[in-house]
1. What's the ranking of 54-60, 135-141, 145-151 by average number of surrounding C-beta atoms within 10 Å, highest first?
2. Which links in Lys131/Lys279; Lys90/Lys200; Lys201/Lys246; Lys246/Lys279 stretch past 24 Å when you go from one Cα to the other?
3. Place a +1 charge on the Cβ of each Lys and Arg in the range 157-226 and a -1 charge on the Cβ of each Asp and Glu, then give the dipole magnitude about the Cα centre in debye, rounded to the nearest 20.
4. Report the relative contact order of the range 151-290, percent, no decimals, based on alpha-carbon pairs under 8 angstrom and at least 6 residues apart.
5. Quick one: if you stick a label point 7 Å off each Cα along the C-beta vector at Lys131 and Arg77, how many nm between them?
Amino acid sequence: MQDKNTQSLDRRQLISSLLLGGLYMPMQAYAKTESSSNISSADFKHQNPLLWAVAWSATAAEYGALCYQAFNLATLRVEQALRRNNIGSKPLAVITDVDNTIVHAASYWGYLINNGMDFFDDAAWDRWIPKNLITPVPGAREFLDYCRDNNVEVFYVTNRDQGENTEEYALKQLRYLQLPFADNEHLTVYRNTSNKTPAKKAISESHELILMLGDNLNDYKRDYYVDGIDARYALMERDRYDFGDKFILLPNATDGHWVRAIFGDSEPAPTDSNRAILKAAAARDAWDGR
Ligand SMILES: [Mg+2]
């Protein structure tokens, strides 16, 4: 007899394979998937699947507490590194992602909700970025200031593309939030890729890298840029002892490569086919009601 965890895993794999079958079906087959799960546009008319996730990150004290927990742990790891650091070794550094790791984007998500949008909207994001309608993620500024005060360099590595002004906008946001090391030397912006590996490699050669921070496991390792929910989940299990040690994870329930694992695209289009895929993903471990 299988234990509960094994049963759960088998079921997850089974439902995932069904789901992946749906992901890669031709358009003709999508219609069948939708009708077989009784999904139509009308089903989505009065419900926005983003609501709970956005409400949680905009209001929940638990969201703030998770952020503080992450930065408290990050501070502890830096303290430990400072204690064991040998004189004459390379300077200490941390690498942090920007969006949803140190920059809180609540006003952007609120805009989507108010305008009836239920998927990430790239055009709205590009309009929002230069407006600096941002706040720091709870605990971020204190942690980054602690690094500065202890001669630990902070490197910001982000994946954004707002055209030729991308880097300028990103730098302005860091300065707007009065974060330390807000200069070109400490900011890397990848406009055409989400692969942050080259920056990590370069910084690791000149500095002793203490830890990395992000809201996306892909901020830690490119390994997580894989197709499929189960493949990504298995990588996370492989790295389980790194979290809170080498990599500090911030909560983000609205976007990231976990979305890509479901849709095959980090920014899926707001179509009923994609809403059906989202519903199937949410219900893949569903209780049958009995
Ligand atoms: Mg991010």
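The numbers here are math on the coordinates, done by the rules we state, and not lab data. Just so we're clear, the structure is a prediction, and the values are computed from it rather than from any experiment. Here the Cβ is made from the backbone with ideal geometry for all residues, glycine too, and neighbour counts use every protein chain on show.
1. 135-141, 54-60, 145-151
2. Beyond 24 Å: Lys131/Lys279; Lys246/Lys279.
3. So the magnitude is around 160 debye.
4. 18 percent
5. Simple spin-label model gives 3.4 nm for this pair.
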